[in-house]
Amino acid sequence: MARAPLLQVSDIALTFGGDPVFDDLSLVVQSGDRLALVGRNGSGKSTLMKVMAGIVEADKGEIIAGPGVSVGYMEQDPDLTGFETLGDFAAHGLEPGELYKVERAGEGLKFDPERPVATASGGERRRAALARLMALEPELMLLDEPTNHLDIEAIAWLENELKTTRAAYVIISHDRAFLNALTRATLWVDRGAVRRQEIGFQGFEAWRDTIWEEEDMQRHKLNRKIKAEARWAVEGISARRKRNQGRVRALQDLRAERAGQITRQGTAAMALEAGPKSGRKVMEAINITKAFGEKTILRDFSLTVNRGDRIALVGPNGVGKTTLLNMLIGKELPDTGEVKIGTNLAVALFDQARAQLDGDMTLWDSLTGDPDMRVSGKADQILVRGNPKHVVGYLKEFLFDEAQARAPVRSLSGGEKARLLLAKLMARESNLLILDEPTNDLDVETLDLMQELLGSYDGTVILVSHDRDFLDRVAATTIAMEGDGRATVYAGGWTDYISQRGMEDFSESVVKSKSSAPKAQQKSQAKGGLSFTEKHRLETLPAEIERITAEIAKLEELLGDPALFTEQPAKFQKASDALVQRHGKLSDAEEEWLMLEEKAGS
């Protein structure tokens, strides 16, 4: 039996003064759908979602909701005009007996209902909008980047709520782990069209790459055919002019077909170049403490950061991650203890608040007005890693077109602002990258490129992120800040941190801790005398062993290049050290698995 359509979009077209954003676009959202809405930054995902919500009117076509179907929309920049507190906004539209839903959502999403709207941050406003949507419980939820400004605990709470809801939903998000856990089908916005695949986001990238390969093959065949027909036209047409005018017209049609093809948006030409090497010891924190009034941020914390380290700071919002970051780079002093800064540091900072961007400045002025990028006497050029480059040319490398160069920064989308900030950061040489929530608003392709760049960057990286997949791909060390001044150093990324803590599935553990249900917290002992933690560890070790084995294979393949030692000795040494470390981790993991297997069978 076919599922009932909740929302039907038929043959819509939309143009904002230039090329059409969409043309003859159609899609259907059905009851029970769990949809990821994906596409490049600027492809029109948020615009399409606003059309579906009835906020933006299409130039033509129609949007039909099923009879009695309620549609709820959570936008990136909610308008709270007319509301005194966040709680007033979140409770709007609810009956008095339903106000508990806002309190529950507020607890899970960590926002204060009493906070005045006038003093609320952008993140707090977004959390209030999300709480309002969850409390209203519409039959179809449209969620535009719901995890931005949420910490990992709040993301886990939201993830569990969406797993158990009976509502259908469409999600725009950059968070791979979030999309993988929740979605069952994918809507892909690409060059003004929408494709649908009945597989969740975990299958999207393979599907996308297959389609692109087919496109490239068809384009290659078309180019070969045009080339062959053009050669015939030059060499043979004079003798058969009248007879073969149809073939000439066919050649013209082929050329028109190629000209009409919409080129895929390329990947930003991002590059990171480490400047002169820093000292071997980048920084050292010795028994530092920090408190604000009665709130303790850090207590007796020590850390040594060496050149080339990849360190992630994780923990709930407000626990002090940015404060620790600022103390490590000398922008803030500890109350007690000492932070020693290493020599020859060239710091590049990515600020989550985008404070380095002035919304009233144009993109052009944002780059030329930066004293570190200014070229004396040449108003149309900037310094990019020490070399002069035309402003528009550099902006094009980050996927901005010429018309945007004179547009105000405030007109950019969240993803475009992130790309502009990356353009400023990557224009200078550095040997220490400080990245505070760098993944917000970036599309999957740009995230992939950033991860590759960080992997080959010859400097040191310290980052704050709530993106679990990004942490796993980038971090080699994780510092978990868990409140009350506690900060613990773990080896590896997010998954390694969870494993070393012996935690069960994180989203489930967060929900259980908040529900305080004794039965949910008191798992019985596993058979064979294993504790729950040991049983979980036994189940996760095979995947960990497989991952380490794959890393070893990649490193051995890299070291197998005979030119690596002579041409890139630093990279050779780094890869050799990593290989020794991975072999040690593999040996430890295999011994642990054997011990637990033996214990389980006893």
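The values are calculated or read from the model by the stated rules, or taken from the named source; none is laboratory data. These figures come from a predicted structure and were not determined experimentally. Using ideal geometry, Cβ is built from the backbone for each residue, glycine included, and neighbour counts are taken over all protein chains shown.
Conditions (1) within 17 Å of A177 (Cβ to Cβ); (2) among the charged types (D, E, K, R); (3) buried (at least 21 other Cβ atoms within 10 Å of the Cβ), marked per residue:
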| residue | (1), (2), (3) |
| --- | --- |
| L454 | no, no, no |
| I462 | no, no, yes |
| R468 | yes, yes, yes |
| I479 | no, no, yes |
| A487 | no, no, yes |
| W494 | yes, no, yes |
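Would you say I155 is buried (at least 19 other Cβ atoms within 10 Å of the Cβ) and touching a strand residue (DSSP E or B) at 6+ places or on another chain (Cβ under 7 Å)? Working first, answer last.
Numbers: buried (at least 19 other Cβ atoms within 10 Å of the Cβ): yes; touching a strand residue (DSSP E or B) at 6+ places or on another chain (Cβ under 7 Å): no.
Taking the combined requirement at face value, the residue does not satisfy it.
Take the residues in the stretch 100-120 that are hydrophobic (A, V, I, L, M, F, W, C) and over 12 Å from M134 (Cα atoms), then tell me which one is modelled with the lowest pLDDT. Step by step, filter the stretch 100-120, then rank; the result is F111. Just so you know, in the stretch 409-440 the residues that are surrounded by fewer than 20 Cβ atoms within 10 Å (Cβ to Cβ) and of a type in the set (D, E) include one that is farthest from the chain's Cα centre (by Cα), and it is E429. Within the stretch 85-102, the set of residues being crowded, with 16+ Cβ neighbours inside 10 Å and either without any contact (Cβ under 8 Å) to a residue 24 or more places away in the chain or part of a helix (DSSP H, G or I) (or both) comprises L86, G87, D88, F89, A90, A91, K101, V102.
Condition check for A193 on (1) under 30 Å from P20 (Cα atoms); (2) aliphatic (A, V, I, L, M); (3) in contact with a Pro (Cβ under 8 Å, 6 or more places away or on another chain): one failure, at (3). Annotation note: Cβ proximity below 7 Å between a residue of the stretch 1-22 that is hydroxyl-bearing (S, T, Y) and a residue that is at pLDDT 70 or above (sequence gap 6+ or interchain) occurs for S10/S26; S10/G61; S10/E62; T15/V21; T15/D59. Could you please find all residues in the stretch 172-185 being of a type outside the set (K, R) and more than 17 Å from the chain's Cα centre (by Cα)? Selection gives A185 alone.
All of V69, V51, V9, V29 fail the test of being in a loop (DSSP other than H, G, I, E, B), crowded, with 17+ Cβ neighbours inside 10 Å and assigned by TED's automatic domain parsing to the domain that holds A131, apart from V69.
Give the number of residues within the stretch 408-439 that are farther than 12 Å from N41 by Cβ and touching a residue at least 40 places away in the same chain (Cβ under 8 Å).
Keep residues of the stretch 408-439 that are farther than 12 Å from N41 by Cβ, which gives 408-411, 421, 423-439.
Imposing the further condition that a residue be touching a residue at least 40 places away in the same chain (Cβ under 8 Å) reduces the set to 408-410, 421, 423-439.
Result for the stretch 408-439: 21.
Is it true that T362 is surrounded by fewer than 15 Cβ atoms within 10 Å (Cβ to Cβ), farther than 30 Å from R486 by Cβ and β-branched (V, I, T)? No, not satisfied.
Condition check ((1) buried (at least 20 other Cβ atoms within 10 Å of the Cβ); (2) among the charged types (D, E, K, R)) across all residues:
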{"position": "K110", "(1), (2)": "no, yes"}
{"position": "E114", "(1), (2)": "no, yes"}
{"position": "G123", "(1), (2)": "no, no"}
{"position": "L133", "(1), (2)": "yes, no"}
{"position": "L143", "(1), (2)": "yes, no"}
{"position": "P146", "(1), (2)": "yes, no"}
{"position": "T164", "(1), (2)": "no, no"}
{"position": "G203", "(1), (2)": "no, no"}
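Taking the criterion of being outside any loop (DSSP other than H, G, I, E, B) and either touching a Cys at 6+ places or on another chain (Cβ under 9 Å) or among the hydroxyl-bearing types (S, T, Y) (or both), the only residue of the stretch 136-167 that qualifies is T164.
Taking strands (runs of 3 or more DSSP E) as the structural unit, no element lying wholly within the stretch 267-348 holds at least 3 residues that are within 31 Å of the chain's Cα centre (by Cα), acidic (D, E) and surrounded by 18 or more Cβ atoms within 10 Å (Cβ to Cβ).
Residues checked against (1) farther than 30 Å from Q8 by Cα; (2) among the charged types (D, E, K, R):
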residue: A65; (1), (2): no, no
residue: E75; (1), (2): no, yes
residue: E84; (1), (2): yes, yes
residue: G106; (1), (2): yes, no
residue: P116; (1), (2): yes, no
residue: S121; (1), (2): yes, no
residue: R127; (1), (2): no, yes
residue: A135; (1), (2): no, no
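Within the stretch 541-589, the set of residues being surrounded by 15 or more Cβ atoms within 10 Å (Cβ to Cβ) and over 22 Å from G308 (Cβ atoms) comprises L541, E544, I545, A589. Only one of the listed residues (L367, L399) is touching a residue at least 60 places away in the same chain (Cβ under 8 Å), at positive phi and crowded, with 19+ Cβ neighbours inside 10 Å. That residue is L399. Flag: A346 matches the condition of being modelled with pLDDT under 90, touching a Gly at 6+ places or on another chain (Cβ under 6 Å) and not β-branched (V, I, T).
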